[in-house]
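Here the structure is laid out as structure tokens; the discussion comes afterwards.
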Amino acid sequence: MNKIKTCILLILLLLSCSSPTLNKEVSDHFDGKKFFNPDFPNMSKSIFTLLKWKLTSKAANWPKTVNIDQQLIKNKKVSLNKLSVTFINHATVLLQIDGLNILTDPIWSDRTSPVSFVGPKRVKKPGVKFDNIPKIDVILISHNHYDHMDIPTLERFINRDSPIVLAGLGSSHYFQDKYKSKVLELDWSEDYFFKGLRFTFLPSKHWSKRTAFDENKCLWGAFAIEGSKKIYFAGDTGYADHFKNAAKTFESFYLSLIPIGAYEPRWFMKDAHMNPEEAIKAHLDLKSKYSLGIHHGTFQLTDEGINRPIEELKKAKEKYGVGDEFFVLENGASRDF
Ligand code: ZN
Ligand code: ZN
């Protein structure tokens, strides 16, 4: 049944036609029509490779639901020079720093899909109900995949809080016309200053696609946030030198949000998604004092079991001599610094 559903989803993706128009000069990561990873220009996988994975995969069985206690964050105050990090779900993290509330890749939808009736369905609720999230000042979007750029959630936040939405070039295309101007598009290395914080969009090793006609027409990336503490949000990424390069530019980070899930089978996923061992290497490359593992436990996107990322992370931490500074949080749990 899952394979039939996947095929229906693929056909729907093929039928939906839409693609951003880009007025950008050719650069080391843009060929005039599409973006690419300068060190890995041929990362694209054909529909046949995708079908090969889907038709030959032995995906672990995930539970249909995992209960969690949703937390109440709305009135939580974080004093100046303090940082509070709350893991909401998947790549959605609430960062409260220097009086600002920042959300990364917010998703409150039930599925990561262009349609509401098919596609990966959540097994855990968001750790905080939408209405219990405090007023959001800034939203960071790493790229346009459905599990990161959840348009219904983003438009709800724009309506409610009118936040600054920062995303890669080509991203505003996906929003309704009335919301397009709310999305500020950044190229790699471009920055944006807001109330004393600096947000810089940085390279990652990934790609973008939402329909059959928009592959790599929207830029993907990571973010550095510089306030009283420096924070790195990795988005979705394969392991590569961009972590070391970020540490060269920013010297070090206090906290990094690093993906540890959606990595099996390696033959298909390695280019664009790290496994827990690579996440540890990224943490070390970034010279990060603390790191939070994200992108696991809520949606089954790939073949590994629901608890594998945390089990593999534990082993990788032992192998590299990393302790509690690389941690994971249950949906809704916070850590204060
Ligand atoms: Zn992605
Ligand atoms: Zn993802």
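Descriptive notes on the structure:
- Test: residue in segment 161-169 that is surrounded by 23 or more Cβ atoms within 10 Å (Cβ to Cβ) and out of contact with any strand residue (DSSP E or B) (no Cβ under 6 Å at 6 or more places or on another chain): yes
- Enumeration of residues in segment 271-280 that are out of contact with any Gly (no Cβ under 6 Å at 6 or more places or on another chain) and open to solvent by 20 Å² or more (accessible area, probe 1.4 Å): 273, 275, 277
- Selection status of residue 161, under 24 Å from residue 130 (Cα atoms) and not polar (S, T, N, Q): yes
- Single residue of segment 179-214 satisfying the filter (touching a helix residue (DSSP H, G or I) at 6+ places or on another chain (Cβ under 9 Å) and of a type in the set (D, E, K, R)) that is farthest from residue 149 (Cα to Cα): 205
Residue-wise test of (1) hydroxyl-bearing (Ser, Thr, Tyr); (2) within 21 Å of residue 31 (Cβ to Cβ); (3) crowded, with 16+ Cβ neighbours inside 10 Å; (4) touching a residue at least 12 places away in the same chain (Cβ under 8 Å).
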residue: 191; (1), (2), (3), (4): no, no, no, no
residue: 202; (1), (2), (3), (4): no, yes, yes, yes
residue: 230; (1), (2), (3), (4): no, no, yes, yes
residue: 235; (1), (2), (3), (4): no, no, yes, yes
residue: 246; (1), (2), (3), (4): no, no, yes, yes
residue: 252; (1), (2), (3), (4): yes, no, no, yes
residue: 256; (1), (2), (3), (4): yes, no, yes, yes
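- Considering segment 281-337, and only residues there that are open to solvent by 40 Å² or more (accessible area, probe 1.4 Å) and among the acidic types (Asp, Glu), the residue that is nearest to residue 123 (Cα to Cα) turns out to be 330.
- Any pair with Cβ under 7 angstrom, 6 or more apart, that starts in segment 139-157 at a residue that is under 12 Å from residue 207 (Cβ atoms) and ends at one that is within 15 Å of ligand 1 (Cβ to nearest atom) and open to solvent by 10 Å² or more (accessible area, probe 1.4 Å): 144/174; 144/210
- Search result, residues across segment 223-264 that are in contact with a His (Cβ under 7 Å, 6 or more places away or on another chain) and within 15 Å of ligand 2 (Cβ to nearest atom): 235, 236, 237, 238, 258, 259, 260, 261, 262, 263
- Residue match in segment 121-136 (condition: closer than 23 Å to residue 200 by Cα, open to solvent by less than 10 Å² (accessible area, probe 1.4 Å) and either without any contact (Cβ under 8 Å) to a residue 24 or more places away in the chain or within 16 Å of ligand 2 (Cβ to nearest atom) (or both)): no
- Restricted to segment 12-47, and to residues there that are open to solvent by 80 Å² or more (accessible area, probe 1.4 Å) and either among the hydrophobic types (A, V, I, L, M, F, W, C) or touching a helix residue (DSSP H, G or I) at 6+ places or on another chain (Cβ under 6 Å) (or both), the residue that is modelled with the lowest pLDDT is 14.
The values are calculated or read from the model by the stated rules, or taken from the named source; none is laboratory data. Worth saying up front: this structure is predicted, and the values here are computed from it rather than measured. All Cβ positions, glycine included, derive from the backbone under ideal geometry; neighbour counts span all protein chains shown. Side chains included, ligands, DNA and RNA excluded: accessible areas come from the protein's heavy atoms. Shrake-Rupley method; radii C 1.70, N 1.55, O 1.52, S 1.80 Å.
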